[in-house]
Protein chains: 2
Amino acid sequence: MNLDALKSDLAGVALEDNPRIVQQKSRDFYWYSPVLKRQLENVTADLVAAPTSEDELLFILGACFRNNVPVTVRGSGTGNYGQAMPLAGGLVLDLARMNKVKHIGQGYVVAEPGAILADIDNETRASGQELRLSPSTYHTASIGGFVAGGSGGVGSIRWGGLRDTGNIIRLRIAAMDGSAPSVIDLSGADLAKASHAYGTTGVITEVEMPLAPAYDWVDMLVSFPTLRGAATCAEQLAGADGLLLKNLSVVDMWVTPYFRRHAPYVRDGEALMMVMAAPFAASDVAHMARRAGGTLTMRSDQLAEDVRRTLPAAFELGWNHTTLRALRVDPAITYLQSLYPQPSIADKVIKLAERFGEEMPTHLEFVRFDGAVGCFGLPLVRYTTEERLEEIIRIHEDEGCPIFNPHRYTLEEGGMKQTDEVQLAFKRRADPKGLLNPGKMVAWDNPSYDYGKPYLFPTLSA
Amino acid sequence: MNLDALKSDLAGVALEDNPRIVQQKSRDFYWYSPVLKRQLENVTADLVAAPTSEDELLFILGACFRNNVPVTVRGSGTGNYGQAMPLAGGLVLDLARMNKVKHIGQGYVVAEPGAILADIDNETRASGQELRLSPSTYHTASIGGFVAGGSGGVGSIRWGGLRDTGNIIRLRIAAMDGSAPSVIDLSGADLAKASHAYGTTGVITEVEMPLAPAYDWVDMLVSFPTLRGAATCAEQLAGADGLLLKNLSVVDMWVTPYFRRHAPYVRDGEALMMVMAAPFAASDVAHMARRAGGTLTMRSDQLAEDVRRTLPAAFELGWNHTTLRALRVDPAITYLQSLYPQPSIADKVIKLAERFGEEMPTHLEFVRFDGAVGCFGLPLVRYTTEERLEEIIRIHEDEGCPIFNPHRYTLEEGGMKQTDEVQLAFKRRADPKGLLNPGKMVAWDNPSYDYGKPYLFPTLSA
């Protein structure tokens, strides 16, 4: 890495090298995990560049290639797994200023990667459209960061996840393959080369995403005497093909105390189902919930306007915002990510909830998964030691509930714990020097790694 | 039944009693079935009334109640099961003139029952919206007839069927419970009282239906060397939660010769998959089909405009239009309706296809069913005798594939072969004299009927 030569090559480009600002731009929400917090605390880049156009981006990338400077791409830095943290230092490529919405069509939008999800929707809503999927950090996350580092979220109850065919139409990426980097358009099966790759295989310079119809979604809170009741009702709602929902979450009685601003709509000792429904579907949700033994405690379209304005949206009680709300009250809390496979979702949920009790408050997100109803868990964990966390993970896996470990910063360990041959092969071509987000793709560093123990990038201490 | 008194009570109302016209208005597409053709050939009403408003409709209904005249409601008469045929004579209530679209909102439409589906969409499309579901008789069927006599069709690949919560928002119905009939709004679980009831429990005077976004759907034909290849690929497409499809059908090599106007896009001896995809989803469909061994033989958005204009839409090759196209070529053909349950849909399809060969050409429609991928069969049958037809049905049921028998004119025999207690209880209240579409609800005539043999209404001969 030759930083002086890089600076000289980039003479006309605004670079940030104030260490405090560089460190700030080298961090994401990795502190959700006590493990990552310990491991990544001292990670920082040397420089930050924030291009405003694809041309400028290519110029910077080419100079970094020439001077062997690692490049870690950053959207808004709202990822939880250290995705955007530059383990090998070098340059952070901050795409926040490449934030234009370029074209809106019937059913799709073309945008620059740094565009904030909520800002995109503000523009598409004029045509009655909005993005299909977003994380709970909708108001701050960028579309490029979501595609590169996310997997689904709000909207997955209808559309499945980002990995599912059709949920990304096209990605335009810059490779890091020379002084004049290639630019490649990916679509169809090729999207897997760059989506959810943490920017290790290329830099997204443009995205084309499908749009869904925009509605004035109604937030609904339904209280249930038991977690089983809430989970069973949610599974029924999730399986109702004609019921237009945008999000569907369940939490148990240990979680609801963290929903402080929603306290008037929460019942002590009860589980809570949180639904975003299309206006014309809200009364069907209410009927079904009532028949399942639930009590509707809040319906946003029936609140006084001044009350409603003070409340966060229901999706900001779900996904990783559930964890965030708990963390704000109790910094010792962390979380896991699990899958409760069909059939008998509720049985698996209850078995694990009973086993761990207050140590692991239950949080479920219902989605469409491979053409059927799926149920993800994002349980809170009252953290004690890394050993106990590993034990909780093992118990889940022994019960047939896979864990997608949010306490790992590599692609493989947070995911399928195996080499993604498509991404690895593509990285060989698009990033021959291995300069893009080093340390995040285990297979690049060690193709025969066995995943029995956590992977540790050489710059980090155990 | 006192027809003279009725005529005198309805002095101010235009009534049709020309026997030829009355007979024409007493028929639907019952002739799809050789069994129903024989049984219902001589069915006719005595009179036809075609009200233009709810007030006039209530006035007619009240007079019929007073004079004990049976009333059979008719939309466009495109049902296949004799739904709209007046087994006990009396009055046919033709709702074709109650066809106004009354209100279009974001996500829903309110219409009179006689409004033609395509006409509704012509009005909603200005706001980028269209009906979620329609039969293949989209250009001629009425919304009231569809709700009263249909179950799903085009759009079910995304939204499931009409019975699924959310696919009907509200039905306004007139009961036949006095000289001044009650009018009742049904929503939520109460919709089951009047939807798919063949007008036996009330007369629909207004419908409120959800709308989906309207796209310039792309018709795609994909040829596969084998039926198994086509069915397997279709199941993959059906399970892709992010892939926005409107219809998804498969037919085998015995069916494609009936698609005469599509002959240039059909390969002899091959199976055919027919897809309606959103424009931005079409290339994903093409990719997935190619990887599954299919050859894209037609894509409507790549045809010359003058060629495209001569072709029927892809959905007019599917659902009951498949049967219709075969019938036009070979009047001896009829059909069945089956369900191939999960798992191993393709295995069940192939087993039955191989068992019957040319006698029963395979036709599949993929849908969402109870929150997962479902596969209905509408196989063609080269009809010989009623005994053989019954045998074919029995063989399906022995293989675990239920048959919804389209050769029966009663609600129960075409459906679940059991009393619908909700509809029966509601009919007792809404139609105490049993004047609404007599003979169609077995449970009304004989609550303990055992369904071992076909039900025969007293006016009909065996």
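The value given for chain B is a Kirkwood hydrodynamic radius of 22.6 Å, derived from the mean inverse Cα-Cα separation. 3J(HN,Hα) along segment A:282-298, derived from phi through the Karplus expression 6.51 cos²θ - 1.76 cosθ + 1.60 where θ = phi - 60°, amounts to 5, 6, 5, 4, 4, 4, 5, 5, 5, 4, 8, x, x, 10, 6, 9, 7 Hz, with x in place of Gly and Pro. Near A:Glu390, once Lys and Arg are set to +1 and Asp and Glu to -1 for all other residues with Cβ below 13 Å from its Cβ, the sum equals -2.
Accessible surface calculations at 1.4 Å, restricted to protein heavy atoms, place segment A:237-289 at 28 Å² per residue.
Annotation: amide H of B:Glu130 within the under-5 Å range of B:Ala212, B:Ala214, sequence separation 5 or more or interchain, hydrogens built in the peptide plane. With label points defined 7 Å past Cα in the direction of Cβ, position A:Ala180 shows copy-to-copy spacings of 8.7 nm, given to one decimal and shortest first. For segment B:218-398, the share of accessible area belonging to carbon and sulfur comes to 50 percent (1.4 Å probe, ligands and nucleic acids excluded).
Inter-copy label distances for A:Glu386: 7.8 nm (label point placed 7 Å from Cα along Cα→Cβ; shortest first). Shielding value for B:104-111 is 3, the average number of Cβ atoms from other chains within 10 Å of each residue's Cβ. Using a cut-off of 13 Å between beta-carbons, work out the net charge of the residues near B:Ile104 (Lys and Arg +1, Asp and Glu -1, B:Ile104 not included). Residues close to B:Ile104 contribute a combined charge of -2. To the nearest 0.05, what FRET efficiency results for B:Asn446 and A:Glu399 with a Förster distance of 51 Å applied to their C-beta separation? Efficiency at R0 = 51 Å is approximately 0.50. Quick one: if you stick a label point 7 Å off each Cα along the C-beta vector at A:Thr295 and B:Arg163, how many nm between them? Going from the A:Thr295 label point to the B:Arg163 one covers 3.4 nm. Computed extension length for A:Ala304-A:Asp55: 84.7 nm, one decimal, from 0.36 nm per residue of separation with the Cα-Cα distance subtracted. Among the trypsin sites (Lys or Arg not before Pro) in segment A:1-106, none sits in a DSSP loop with a Cβ that has at most 10 other Cβ atoms within 10 Å. In segment B:272-287, burial by the other protein chains removes 30 Å² or more of 1.4 Å probe accessible surface, compared with the chain on its own, from B:Phe280, B:Asp284, B:His287. Amide H contacts for A:Thr205 (H built 1.01 Å from N in the peptide plane; partners 5 or more residues away or on another chain; cut-off under 5 Å): A:Arg172, A:Ile173, A:Ala174. Within 10 Å of the Cβ of each residue in B:119-129, the mean number of Cβ atoms contributed by other protein chains is 1. Partner lysines whose Cα lies under 19 Å from the Cα of A:Lys433, excluding those fewer than 8 positions away in the same chain, are identified as A:Lys193.
Round to the nearest 10 and give me the degree value, 0 to 90, for the angle of helix B:421-430's Cα axis relative to the longest principal axis of chain B. Here the helix axis deviates by roughly 30 degrees. Using a 1.4 angstrom probe on protein heavy atoms only, the contact between B and A buries about 2800 square angstrom of accessible area, both sides summed. Of the two radii for the protein assembly as shown, the radius of gyration is 1.02 times the Kirkwood radius, both from the alpha carbons; that is the Rg over Rh value. For B:Lys351, the lysines whose Cα falls under 29 Å of its own Cα, not counting residues fewer than eight places away in the same chain, are B:Lys246, B:Lys417, B:Lys453. Amide H contacts under 5 Å for A:Val69: A:Asn2, restricted to partners 5 or more places along the chain or on a different chain, H placed in the peptide plane at 1.01 Å from N.
Using only Cα coordinates, the Kirkwood hydrodynamic radius of segment A:218-398 works out to 16.4 Å.
Taken along its principal axes, the alpha carbon cloud of segment B:288-351 reaches lengths of 41, 38, 15 Å, longest axis first. Take A:Lys37, push a point 7 Å out from Cα through the beta-carbon direction, and compare it with the same point in every other copy: 7.7 nm, smallest first.
Using a simple spin-label model with pseudo-atoms 7 Å out from Cα toward Cβ, B:Gln418 and B:Glu358 lie 4.2 nm apart. Look at the stretch A:152-163: the mean tally of other chain Cβ atoms within 10 Å of its residues' Cβ atoms is 2.
The values are calculated or read from the model by the stated rules, or taken from the named source; none is laboratory data. Everything numeric here is computed off the predicted structure, so don't read it as measured data. So basically every Cβ, Gly included, is an ideal-geometry build from the backbone, and we count neighbours across all protein chains shown. Ligands, DNA and RNA are stripped out before the accessible areas are found, and what is left, the full protein with its side chains, is counted by its heavy atoms. Shrake-Rupley method; radii C 1.70, N 1.55, O 1.52, S 1.80 Å.
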